[in-house]
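Below is one structure, written out as structure tokens; comments come after it.
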Amino acid sequence: MSGRVVHFEVPFDDGERAQAFYGSVFRWTLQAMPEMDYTIALSGPVSADGAPSEAGYINGGMFRRGDTEPRSPVIVVDVASIDETLERVAEFGGEVLGAKQPVGEMGFAAYFRDTEGNVVGLWETAGG
């Protein structure tokens, strides 16, 4: 388990408005993924496989805000096993907000609420 922050997510109510805002203010490169109802947010240069090609930054994404969590920006932490991490979250007083969900063929994601009320995302790479 790396425990590293590897991604960020920003929910939106109006996708075009949010993309225009973040693209203009921070000059992020935004790539719509309509099949996933998601927008990739590249906050710096990337290599051919889409990974950051310079040290010091992470990429993220944007999604339509729903009625359930997450409803505010979140950081996403890389873990070896979401299932094991969610067990530890509950053991140490956090609240699991849902089961592990597949993200295409790339990996899996889940969310939890920490002891301070913050929603945090988890990422597990497929085959990792």
Handout entry: Breaking point among (1) surrounded by fewer than 13 Cβ atoms within 10 Å (Cβ to Cβ); (2) farther than 25 Å from ASP14 by Cβ, for VAL89
Key = (1)
Practice task
Taking PHE21 as meeting all but one of (1) of a type in the set (Phe, Trp, Tyr); (2) over 20 Å from ALA126 (Cβ atoms); (3) at pLDDT 90 or above; (4) touching a Ser or Thr at 6+ places or on another chain (Cβ under 9 Å), write down the number of the exception.
Solution key: (4)
Problem - Any hit, segment 37-53, residues being touching a residue at least 60 places away in the same chain (Cβ under 8 Å) and out of contact with any Leu (no Cβ under 6 Å at 6 or more places or on another chain) - result: no
Exercise for the section: Hey, can you tell me all the residues within segment 2-47 that are surrounded by 13 or more Cβ atoms within 10 Å (Cβ to Cβ) and of a type in the set (D, E, K, R)? Expected result: GLU9
Handout entry: Test: THR39 is assigned to a loop (DSSP other than H, G, I, E, B), of a type in the set (S, T, N, Q) and either out of contact with any Pro (no Cβ under 7 Å at 6 or more places or on another chain) or at negative phi (or both)
Key = no
Problem - Selection from segment 104-126 of residues that are in contact with a helix residue (DSSP H, G or I) (Cβ under 6 Å, 6 or more places away or on another chain) and among the charged types (D, E, K, R) - result: GLU124
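The values are calculated or read from the model by the stated rules, or taken from the named source; none is laboratory data. All of these numbers come straight from a predicted model, not from anything done at the bench. Cβ atoms come from the backbone with ideal geometry, glycine included; neighbour counts cover every protein chain shown.
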